[in-house]
1. For the stretch 288-350 and the stretch 115-175, what is the separation of their C-alpha centers, rounded to whole Å?
2. Based on DSSP H runs of at least 4 residues, each adding -39500 (n - 2.57), what is the mean residue ellipticity at 222 nm of the chain after dividing by all its residues, to the nearest 500 deg cm²/dmol?
3. Around Tyr378, under 12 Å between beta carbons, what's the net of Lys plus Arg minus Asp minus Glu among the other residues?
4. Among Ile276, Ile121, Ile502, which comes first, then next, by fewest other beta-carbon atoms within 10 Å?
5. For the chain, what's the relative contact order in percent, using C-alpha pairs closer than 8 Å and at least 6 residues apart?
6. Subtract the Cα-Cα distance of Val37 and Asp320 from 0.36 nm times their separation in residues, and report this length gain in nm to one decimal.
7. Output wanted: per-residue J couplings in Hz (rounded whole) for the stretch 152-163, from phi through Karplus 6.51 cos²θ - 1.76 cosθ + 1.60, θ = phi - 60°, x for Gly and Pro.
8. If you find the alpha carbon centre of the stretch 357-396 and of the stretch 428-447, how far apart are they in angstrom?
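FYI, it's all coordinate maths here, none of it is from the lab. Remember, predicted model here, so these are calculated numbers, not experimental data. Every residue, glycine as well, gets a Cβ built from its backbone with ideal geometry; the counts of neighbours run over all protein chains shown.
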Amino acid sequence: MKKLLFVALSSILCTAMLTAQRMPEHLNKLFNAIYGVTAFYVDSVDENKLVEDALRGMIEKLDPHSSYTDPKETKEATEPLQGEFEGIGIQFNMKEDTLYVIQTIPNGPSERVGILAGDRIVSVNDTTIAGVKMSRTDIMKRLRGKKGTRVNVLVKRMGVKELITFRITRDKIPLHSVDASYMINDSTGYVRISSFGLKTYDEMMTALDNLRDQGMRQVVIDLSDNGGGYLQAAVAMCNEFLRDGQMIVYTEGRSAPRSEAHAQGNGRYRDMKMAIIVNQFSASASEIFSGAMQDWDRAVIVGRRTFGKGLVQRPLNFADGSMLRLTVARYYTPSGRCIQKPYKLGERKAYSDDLAERGREGEYYHLDSIHLPDSLRYTTLVNKRTVYGGGGVMPDVFVPVDTSEYTTYYRDLVAKGIVNQFVVSYVDKNRKKLKNEYTTIKDFDNRFSLTDKEMKQFIAMGEKDSVKYDEAKYRISERVLRTMIKGLIARDIFADPGAYSIIVNHHNRDLDAALEVLADEQRYRQLLTKGNPEYERLVRK
């Protein structure tokens with residue numbers, strides 16, 4: 001398609017040159033340059049790549065969020081937000097260069113033909129994938145495919161001597177953005193949302209309704225590490241918590257007139273007491289949701305200042321599947337705050353380094369390292385408390401990052417995949433025993449603990465992969481390592497991503513802070529009416 005497009009552009013160029021160059025001079029310059037290179041350059045050139053490079057070069061000089069993606073990149077970027085993809089329906093990990101099935105998607109193609117957790121896939125359509133150091137990306141390419149197509153896989157199963165052949169018919173596989181939802185105590189529900197996709201609103205409502213049936217009277221919405229997604233999903237979610245006519249967000253740009261979104265007044269959780277967890281990786285739609293809740297004094301925001309992405313991209317789709325995502329507007333919270341952090345056109349490296357720079361300046365660890373701009377002071381719309389613009393949503397309750405347990409020994413074990421390798425081996429050997437002994441996640445959470453002998457096996461696995469044992473650093477990181485391993489084991493044996501959150505949330509400082517605020521009615525109301533008095537000393541005139 002691009003070649004046809006290029007031929008068409010060349011034809012237009014020739015026509016334009018013959019008709020006294022009636023198109024604008026800057027477009028003439030572009031077309032003439034492309035034509036000149038392809039027609040006269042000393043060596044042959046890839047015309048498609050020439051156009052691709054020209055587009056990328058142009059976009060790189062704009063804001064940090066405008067982008068061009070080729071067909072493959074476009075599919076990979078949009079697939080997680082669509083709420084589904086097409087494939088065989090497994091979650092897998094790699095163990096010693098072999099694909100190990102962690103779980104099958106319920107009622108998915110693999111489950112329907114009898115693939116089991118713990119199976120190793122040795123080959124796909126006669127191509128060996130075990131023991132050949134094939135990348136995860138290449139393996140996924142072979143397993144994924146259009147709905148209705150078939151793929152033959154050869155499987156090694158524990159306790160079975162012969163390899164087993166399965167013919168799997170690919171189908172649509174759901175992707176979930178609500179990672180976990182459960183009751184933390186008799187009255188408090190917890191919902192973790194990892195992204196804002198087409199089905200996020202429906203998933204959230206299902207989770208909230210189920211928790212309400214279990215007695216939920218207040219809720220923690222966890223948006224930490226949520227990089228955003230579709231604005232429409234955030235708007236639909238906000239509607240459930242706001243009253244009729246209350247503004248959710250508005251957008252405005254040079255060629256995009258102001259457009260406002262308002263609550264319709266039919267939300268089912270307009271009076272639900274709520275805390276929202278955010279951090280420095282919460283961006284875009286996460287900031288729309290948390291910013292709207294903050295501006296309407298609707299929820300206490302807990303954690304750290306969010307990323308600061310307040311630009312709206314419009315997708316321009318090309319016939320070959322590539323896409324230009326062009327920034328066309330900025331979005332603003334109901335009080336008028338633009339969440340977008342400062343940037344300079346074309347300086348993408350400085351922009352991408354911003355989070356690291358915040359860390360070097362101590363923003364994640366010390367409240368005193370934060371400076372709030374007095375010139376960007378805003379007031380909330382109900383109780384007239386002070387909030388700040390200038391980049392990201394500043395939480396009402398700041399929670400510093402605690403790095404005291406994260407030693408270099410811990411870092412190396414995680415970075416080299418030792419934790420995942422150990423979990424895969426452990427569950428592989430003990431799956432039947434674990435499933436028989438622990439029938440519920442709650443039971444597993446209360447009773448399961450790795451023995452010292454098992455932790456020594458974990459340490460030995462690290463040493464085998466050149467992670468030298470450090471007694472002092474191990475003792476510092478032991479609790480967090482045990483918790484992570486336990487959470488991953490739970491996720492595997494119960495085939496439930498939420499099991500991991502249930503385990504690791506026992507040591508989640510952000511969640512602890514949110515629960516403390518919800519439990520202290522006086523402080524909760526004070527934060528929503530008078531704001532956080534600690535912030536006044538941080539204001540920079």
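1. 39 Å
2. Taking each H run of at least 4 residues, the total per residue is -12500 deg cm²/dmol.
3. Neighbourhood net charge equals +2.
4. So the ranking, lowest neighbour count to highest, is Ile502, Ile121, Ile276.
5. The normalised contact order for the chain reaches 12 percent.
6. 99.6 nm
7. Here the 3J(HN,Hα) series is 9, 10, 9, 10, 9, 10, 4, x, 10, 5, 7, 6 Hz.
8. Computed from Cα coordinates, the inter-centre distance equals 45 Å.
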